[in-house]
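Trainee: This is the structure, below, for whatever I ask next.
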Amino acid sequence: MTEAESKGSQELRQRNEDLIRKIVKEHGWPGISLVGEDGSRAAWLVVQHMDGDLDFQRSCLALMQEAWDRGEVRRTISPI
């Protein structure tokens, strides 16, 4: 990966992290009824890779478990 590609990748990751934080703050876990199955899965993938913020990951896990109980998370994605 070139330096420019690495920088672009880091910028994209930061934008995704900022966006998921905003969505979670405003709506809680982005479930299927809010963002569709693909959007909900994408949110999970972004949060899954936010290893630098374990507190946020833990809070999302709790929200995702609640959404799971309501059927708002695709059953092929397990929050536990």
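Trainee: Just to be sure I understand, how many residues within the stretch 36-49 are in contact with a helix residue (DSSP H, G or I) (Cβ under 7 Å, 6 or more places away or on another chain) and either among the β-branched types (V, I, T) or surrounded by fewer than 17 Cβ atoms within 10 Å (Cβ to Cβ) (or both)?
Mentor: 2
Trainee: Would you check if S9 is of a type in the set (S, T, Y) and either within 8 Å of the chain's Cα centre (by Cα) or more than 22 Å from G71 (Cβ to Cβ) (or both)?
Mentor: So S9 passes the test.
Trainee: List, please: which pairs have Cβ atoms under 7 Å, are six or more places apart or on different chains, and start with a residue in the stretch 53-80 that is assigned to a helix (DSSP H, G or I) and end with one that is modelled with pLDDT under 95 and exposed (fewer than 11 other Cβ atoms within 10 Å of the Cβ)?
Mentor: Q65/I80
Trainee: Identify all residues within the stretch 21-52 that are in contact (Cβ under 8 Å) with a residue 40 or more places away in the chain and assigned to a helix (DSSP H, G or I); write none if there are none.
Mentor: Residue satisfying the conditions is I32 alone.
Trainee: Moving on. Just for the stretch 50-80: of the residues that are under 21 Å from L12 (Cβ atoms) and of a type in the set (D, E, K, R), which one is surrounded by the fewest Cβ atoms within 10 Å (Cβ to Cβ)?
Mentor: Going through the qualifying residues, I end up with D51.
Trainee: Look at the stretch 33-72 and say how many of its residues are of a type in the set (A, V, I, L, M) and over 12 Å from the mean Cα position of the chain (by Cα).
Mentor: Qualifying residue count, the stretch 33-72: 4.
The values are calculated or read from the model by the stated rules, or taken from the named source; none is laboratory data. What you are looking at is a predicted structure, and each value in this text was computed from that prediction instead of being measured. For neighbour counting, all protein chains shown are included, and Cβ atoms are generated from backbone atoms with ideal geometry for every residue, glycine included.
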